[in-house]
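These notes concern the structure reproduced below.
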Amino acid sequence: MSTVPKLIITAALTGAEVSKAQQPALPITPEEIGVAAAECVAAGAAIVHLHGRRADGTPTQDAAVYREIIAAVRARCDAIIQVSTGGAVGMSAQERLAPVTLRPEMATLSMGSVNFGRDVFVNAPDDIEAFARAIAQSGAKAELEIFDAGMIATANRWLARGLLASPPHFDFVLGVPGAMPGTPEALMYLKSQLPAGATWTVAGIGSAQLTLGTMAIAMGGHVRVGFEDNVYFRRGELARSNAQLVARIAAIGRLLERPPATPTEARALLGLAPRP
Ligand code: KMH
Ligand code: ZN
């Protein structure tokens, strides 16, 4: 029997869309994000997925804001730093790429365009290619964001052509209105399309965070939780913190013999260099 790896938990702390009105504990300032990151690592997270916000809460990809956030995280814990290049709907490609100049350990790379609620999240092929090059040149590992079925086919085509680095790491984002639903069948399909040697995580939106996260643990994958994707602990009850969501999935991981990986262990599993 092959050994199942420890569970890599990603904490998606802030996102670009959730507001303090929806989730009063949402971390917005660099200090709040740094504190939340440290709480999440203490609860079992290895990666923090970061988005920038201005003081008024609006989303920004400004490198100066990300620099402060990264410093606030690194001062408090050894989490793997993953910056978003998705930013918020409507941002230009140039704007979205700015945090990559800070040499993060990981950066997201969305593999196609998709309806996103009432908006359209645009990722044109030429932009994806430019993002992939910029991420590779920065020394970061890309996390390939898969919102819809065609995107994993695109990723597999591009991997075969050498346009993406191998082995790839995927994030299946399931349950965005307009994209693939947060169902077991959707997760099973995407897993069936994975290339050899790939690692993967699942980010279920809303109540799918718990159900698909639990499935992914049983299926040998990894899990993303946090306010970016879900603000509730259970139906009708807001989570107290990102760390509360991390602690629950870490406990499920332990029950299923997938204890959480430390950041150091996760770096080894993902082929990242030791902490910079
Ligand atoms: N805010 C979404 C439109 C990512 O971080 O790479 C895109 C997003 C994906 O959040
Ligand atoms: Zn994000």
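Out of the DSSP beta bridges found with both residues in the chain, what percent are antiparallel (nearest 5)?
Numbers: 7 of 37 bridges.
Bridges in the chain are about 20 percent antiparallel.
What's the percent breakdown of Cα-Cα distances in the range 9-270 across 5 Å bins, shortest bin first?
Answer for the range 9-270: a P(r) of 1, 6, 14, 19, 22, 19, 12, 5, 1, 0 percent.
With a 1.4 Å probe and every protein chain left in place, work out the accessible area per residue of the range 9-270 in Å², rounded to a whole number. Let's see the in-between values first.
Details: 10480 Å² over 262 residues.
Heavy-atom accessible area per residue stands at 40 Å².
First select every other residue whose beta carbon is under 15 angstrom from the beta carbon of P276; then total the charges, Lys and Arg +1, Asp and Glu -1.
Here the charged neighbours net out to +4.
Within 14 Å, Cβ to Cβ, of Q137, how many net charges do the neighbouring residues add up to if Lys/Arg are +1 and Asp/Glu are -1? Intermediate values should be presented prior to the final figure.
Values: positive: R103, R133, K141; negative: E129.
So the environment of Q137 carries a net charge of +2.
Antiparallel as a % of all DSSP beta bridges within the range 142-244, to the nearest 5?
Numbers: 2 of 14 bridges.
Of the beta bridges lying entirely in the range 142-244, close to 15 percent run antiparallel.
For an R0 of 51 angstrom, estimate the FRET efficiency from the Cβ-Cβ distance between A75 and E185 and round to the nearest 0.05. Could the numbers behind the result be given before it?
Numbers: r = 43 Å, r/R0 = 0.84.
My answer for the efficiency is 0.75.
Taking 8 Å as the Cα distance limit and 6 or more residues as the minimum spacing, I'd like the relative contact order of the chain as a percentage. Can you show the working numbers first?
Values: 591 pairs, mean separation 62.5, N = 276.
After rounding, I find 23 percent.
Ignoring any ligand, DNA or RNA, what whole percent of the accessible area of the range 1-100 comes from carbon and sulfur when the probe is 1.4 angstrom?
On the way: 2140 of 3840 Å².
C and S atoms contribute 56 percent here.
To the nearest 20 Debye, how big is the dipole of the range 115-248 about its Cα centre, given +1 on the beta carbon of each Lys and Arg and -1 on that of each Asp and Glu? Each step should come with its number before you reach the end.
Values: 11 positive and 12 negative charges, 75 e Å.
With Lys and Arg at +1 and Asp and Glu at -1, about 360 debye.
Could you pull out the trypsin sites (Lys or Arg not before Pro) across the range 59-152 that fall in loop regions by DSSP (anything but H, G, I, E, B) with no more than 15 other Cβ atoms inside 10 Å?
Numbers: sites: R67, R74, R76, R96, R118, R133, K141; in loops: R76, R118.
Passing both the DSSP loop test and the Cβ count: R118.
Where nothing but the Cβ of Lys and Arg (+1) and of Asp and Glu (-1) is charged, how large is the charge dipole of the chain around its Cα centre, in debye to the nearest 20? Walk me through the intermediate numbers first.
Values: 24 positive and 24 negative charges, 111 e Å.
Around 540 debye, computed over the chain.
Please list the equivalent ellipsoid semi-axes of the range 158-276, computed as the square roots of five times the alpha-carbon gyration tensor eigenvalues, in descending order and whole angstrom.
After diagonalising the Cα gyration tensor, the semi-axes are 24, 19, 13 Å.
The values are calculated or read from the model by the stated rules, or taken from the named source; none is laboratory data. Computed from a predicted model, the values in this text were never measured in an experiment. Heads up, the Cβs are rebuilt from the backbone with ideal geometry, glycines too, and the neighbour counts pull from every protein chain shown. For the accessible areas, the whole protein counts, side chains as well, though only heavy atoms, and no ligand, DNA or RNA atoms are used. Shrake-Rupley method; radii C 1.70, N 1.55, O 1.52, S 1.80 Å.
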